[in-house]
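Worksheet: one structure, shown below.
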Protein chains: 2
Amino acid sequence: RRKNIPSTEQLMEGILKGDQSMLARAITLVESTNPEHQEKAYDIIEQCLSHKNDTLRIGITGVPGVGKSTFIESFGSMLTDMGKKVAVLAVDPTSTLSKGSILGDKTRMPHLVNDPQAFIRPSPSGESLGGVARKTRESIILCEAAGYDVILVETVGVGQSETAVHSMVDFFLLLKLSGAGDELQGIKRGIMEMADAIVINKAEGKNIKQAERARSEFERALHLYPPKESKWSPKVVCCSSLNGSGIPEIWKMVNAYAIQSKASGFFKNNRQNQNTYWFYQTVESLLQRQFYNEPSVKKAMLPLQKDVEELRISPFRAAEQLLAAYSKGLK
Amino acid sequence: RRKNIPSTEQLMEGILKGDQSMLARAITLVESTNPEHQEKAYDIIEQCLSHKNDTLRIGITGVPGVGKSTFIESFGSMLTDMGKKVAVLAVDPTSTLSKGSILGDKTRMPHLVNDPQAFIRPSPSGESLGGVARKTRESIILCEAAGYDVILVETVGVGQSETAVHSMVDFFLLLKLSGAGDELQGIKRGIMEMADAIVINKAEGKNIKQAERARSEFERALHLYPPKESKWSPKVVCCSSLNGSGIPEIWKMVNAYAIQSKASGFFKNNRQNQNTYWFYQTVESLLQRQFYNEPSVKKAMLPLQKDVEELRISPFRAAEQLLAAYSKGLK
């Protein structure tokens, strides 16, 4: 069904009108591995780039079970009630080829799913984190051109996906549970340092006391880190996605960050740096793909790696030999 | 002076005999940018690789002023007194082309400098951290072939140099000062997570109390991190490089680590992974060097970057164009 893909013009017109179905179909092209679709997708991205809006991109991470979906339901619904248009995207490198695993279960966001002011898109699938992240990043551009003011990018609290999301958002939020005293355990290396805010979720009922204790522990822990380049001091706040307490304060905090970082020039600067970063990331990934796909490299690689491991050859000599195989293969 | 470089055979013979002047001259070849010297250096490295010894590589980092040199003087002298041969190398990407800046001031290690069981080599110079780190890593191979049992690799507590050193050592030691309550401030992002031990230096006289306080603060902070892959729980210890207190305990700790990680297989596995890591690092750096040195790439790069920053083109399209310029240039 839907064999006919709309023309680039039709898609662009739809996106700029805020037509969700056209936006969704354009994102499908972004996510496609079909070269023709990709070509079309890049035409669309190119055109969307010039439609700059005053948007806020917020990254949200946390381990499974921390309540990311319910937090997004609560936070996102508050924003749409305020008249904002909210897009929810995801980066999940564990998603299978057939279906994204986070945001896939939309039953956890019953209100937002039916909210015409909200657009929810599960994680694209992909062979690699780099591929998944690239597609999400490009989808952000499309959503912004479609008039979405606030982009929430969800990611799972495992692996390197946080770094990828951190490099595409303005504000990065780490969700934590108020648990039974072990809330400081199991924080992924480096995540604390990226966070602009730590939000302790499920601070409700009997949990409130524990959540407050966790909050002061995190505040003390954050003290160990040097000041951020943005000059923003990361905050630790408690909230309940269930009863909504603390949720408006989080939005106020994000706004305070935006005002401060726009005034200092960091906000714009950071986005430019992110663009440059993605440019060089893409260059290097394309270059490496080309290199490692070269048949002569494929053939020589594993035997050389084995030799390096067993100290039969130095890493440098082995690398030289692999480069030589590449050059020979190109000719 | 010394225009005549000894032959590869002479250098190898000297290294294997533990001749410091031959070792130093071989390292000079490793550090040279002259292609002929490099060729010779790689022949030597190749041959040294097969002379495996039971060595320990210890990384030492800390901000300027923390007392790295005096610590190395104290720790290294104790080791040579025990009959060990100790090599002290450095990774300092800020070193100028003319002279390494750390370990350059050998007056801080009066004993070790004159100790025939010790070999001290300032940081190689280089255009990039990658280059400096590679040279130091290769010098480790040479020192080990020359019979040095313990390799100390010093680095400055700034920038990405710790990561580079961490990926070439068995044990990573973070030196801290027992200061006036601000000892937890200013720890570089990620360094705490790499440390196998935090050593609070200058724990002497009036400082002892402060040092103990700092120790418990660090212990609490280390609790925030997940277990290491090595299963080693990082330790926090106090020492005085001045009066030697705590120094023997540090050596005992490093040995306990070695015994534990050798028994579990982590030690060997880690070195193999480091070799593989350096192989692919080298492949990618050679590939990138080749790419960015291509005149067609040089010409197209900055205008494209500017376009990306200003959103006139998407990072992906720009990357494609740069790759196209590269392919065209190669033909």
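Here is how the numbers come out for the structure above:
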{"read-out": "Members of region B:257-269 found to be under 30 Å from A:R317 (Cα atoms) and either within 14 Å of chain A (Cβ to nearest Cβ) or not polar (S, T, N, Q) (or both), listed by number", "value": "B:A258, B:K262, B:G265, B:F266, B:F267, B:K268, B:N269"}
{"read-out": "Residue in region B:76-104 that is surrounded by the most Cβ atoms within 10 Å (Cβ to Cβ), counting only those that are hydroxyl-bearing (S, T, Y) and at pLDDT 90 or above", "value": "B:S77"}
{"read-out": "Inter-residue pairs, beta-carbon under 7 Å, first over 16 Å from A:I151 (Cα atoms) and more than 11 Å from every other protein chain (Cβ to nearest Cβ) and in region A:168-196, second modelled with pLDDT under 80 and in a loop (DSSP other than H, G, I, E, B), 6+ apart", "value": "A:K176/A:E183; A:L177/A:E183"}
{"read-out": "Lone qualifier among B:V254, B:V237, B:V283 - being under 23 Å from the mean Cα position of the chain (by Cα), hydrophobic (A, V, I, L, M, F, W, C) and within 14 Å of chain A (Cβ to nearest Cβ)", "value": "B:V283"}
{"read-out": "Condition broken by A:Q272, with the remaining ones in (1) out of contact with any Asp or Glu (no Cβ under 8 Å at 6 or more places or on another chain); (2) polar (S, T, N, Q); (3) under 24 Å from B:P315 (Cα atoms) satisfied", "value": "(1)"}
{"read-out": "Region A:219-232 - residue that is closer than 17 Å to A:F266 by Cβ and surrounded by 15 or more Cβ atoms within 10 Å (Cβ to Cβ) and, of those, nearest to the other protein chains (Cβ to nearest Cβ)", "value": "A:K228"}
{"read-out": "Residue satisfying all of: in region A:1-17; closer than 20 Å to A:P122 by Cβ and not aliphatic (A, V, I, L, M); modelled with the lowest pLDDT among these", "value": "A:R1"}
{"read-out": "Any hit, region B:14-36, residues being over 19 Å from B:E138 (Cβ atoms) and over 19 Å from the mean Cα position of the chain (by Cα)", "value": "yes"}
{"read-out": "Single residue of A:R137, A:R108 found to be under 13 Å from the mean Cα position of the chain (by Cα) and either modelled with pLDDT of 75 or more or among the aromatic types (F, W, Y) (or both)", "value": "A:R137"}
{"read-out": "Filter pass, A:N4 being over 17 Å from A:T136 (Cα atoms), within 14 Å of chain B (Cβ to nearest Cβ) and part of a loop (DSSP other than H, G, I, E, B)", "value": "no"}
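Quick grid of which residues meet (1) among the polar types (S, T, N, Q); (2) surrounded by fewer than 16 Cβ atoms within 10 Å (Cβ to Cβ); (3) within 7 Å of chain B (Cβ to nearest Cβ); (4) within 26 Å of B:E320 (Cα to Cα):
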site	(1), (2), (3), (4)
A:F279	no, no, yes, yes
A:F291	no, no, yes, yes
A:V297	no, no, no, yes
A:L302	no, yes, no, no
A:R312	no, yes, no, no
A:R317	no, no, yes, no
A:A325	no, no, no, yes
A:G329	no, yes, no, yes
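The values are calculated or read from the model by the stated rules, or taken from the named source; none is laboratory data. Since the model is a prediction, treat every value here as computed from it, not as a measurement. As a convention, Cβ positions derive from the backbone with ideal geometry for all residues, glycine included, and neighbour counts pool all protein chains shown.
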